[in-house]
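Okay, structure first, notes after.
Derivation of every value follows stated rules applied to the coordinates shown; laboratory data play no part. The structure presented is a predicted model; accordingly, all values stated were derived computationally and were not measured. FYI the Cβ positions are ideal-geometry reconstructions off the backbone, even for glycines, and counts take in every protein chain you see.
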Amino acid sequence: MKVVGFSFIRNAVKFQYPIVEAVRSILPICDEVIVAVGKSEDNTRELVAAIDPKVKIIDTVWNENSRQDGRVLAEETDKAFQAIGPDADWCVYIQGDEVMHEDGHAEAMEAMKKWKDHSEVDGLLFNYIHFFGSYDYFGAEGHWFRHEIRIIKNDKSIWSYRDAQGFRKADNKKLQVKPLKAMIHHYGWVQDPRTMKAKFVVKDKIYNNKEGDEDNIVVEENLPFLLVKALHKFKGTHPKVMEDRVKNIEWKFEFDVSKNSYKLKDRFKAIVEKITGHRPFEYRNYKII
């Protein structure tokens, strides 16, 4: 069984994305990893090239005409996926601000071996935790997605959906997946306040085709509290590849969880989930089989 990882990245240093940790987190279960590195304003390419000999780079230029709704992110994902050779059985996807916890490696490998020759299984579903502000807090509101596909069969009829959140296949069909207990840590919102604000300027460019200047930004002191209304204190363990980054954080972030404020619909969902074990109206870009 051959397993190839794939990812994409641009301006990782500028926006504090943990691309090195992201790639290292999947290396133990991959024979090689292909990273589409977009033309950057920093030393992102050198950073990726130095990770490991198993990492292969394809140089790309982001299509500025595909900004609307974040489509360019899916296009970059597809470039990396299409670069994977036909001899691979499974493909492990990781975004530049995500890290796979090593506790899930054995389970992922076992599942790939088990379902490799089952044509009805398109992929494997991971659990998510979304950190915000620092490595000590994670999102508690209903808009944070709880699951997503991060391992897929090497089927080139599969393509990255919308803004690269998940995948679809021929005729726009949802992928059929097997769920895992394995966890992905999402660190895309763990940045110092100025970088976080600059990220919003860039997101406006990518999603809404709005121009902005991230070099001249006034950061509101209460910015984090404008973005989230409820967080939980994290009591688990971070992936080992994140140890240095967690230890060397250069800013302080505190959030009073006793003042969490939930929308009415989130309260309703929480009540139903507590009673039934299922969260109503949850967006699912996949079919669990």
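Here is how the numbers come out for the structure above:
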{"read-out": "Contour excess over end-to-end distance, with Cα ends at His118 and Ala106 and 0.36 nm allotted per residue", "value": "2.4 nm"}
{"read-out": "Extended-chain gain in nm, criterion 0.36 nm per residue less alpha-carbon gap, Glu250 and Asp69", "value": "61.9 nm"}
{"read-out": "Violating pairs (Cα-Cα greater than 24 angstrom) within the set Lys114/Lys153; Lys174/Lys235; Lys39/Lys252; Lys169/Lys229", "value": "Lys174/Lys235; Lys39/Lys252; Lys169/Lys229"}
{"read-out": "Length added when fully stretched, Asp89-Asn172, from 0.36 nm per residue minus Cα-Cα", "value": "27.7 nm"}
{"read-out": "Percentage relative contact order, the stretch 20-66, counting C-alpha pairs under 8 Å, at least six apart", "value": "42 percent"}
{"read-out": "Per-pair calculated FRET efficiency, R0 = 41 Å: Ser157 and Lys233 via Cβ, rounded to 0.05", "value": "0.45"}
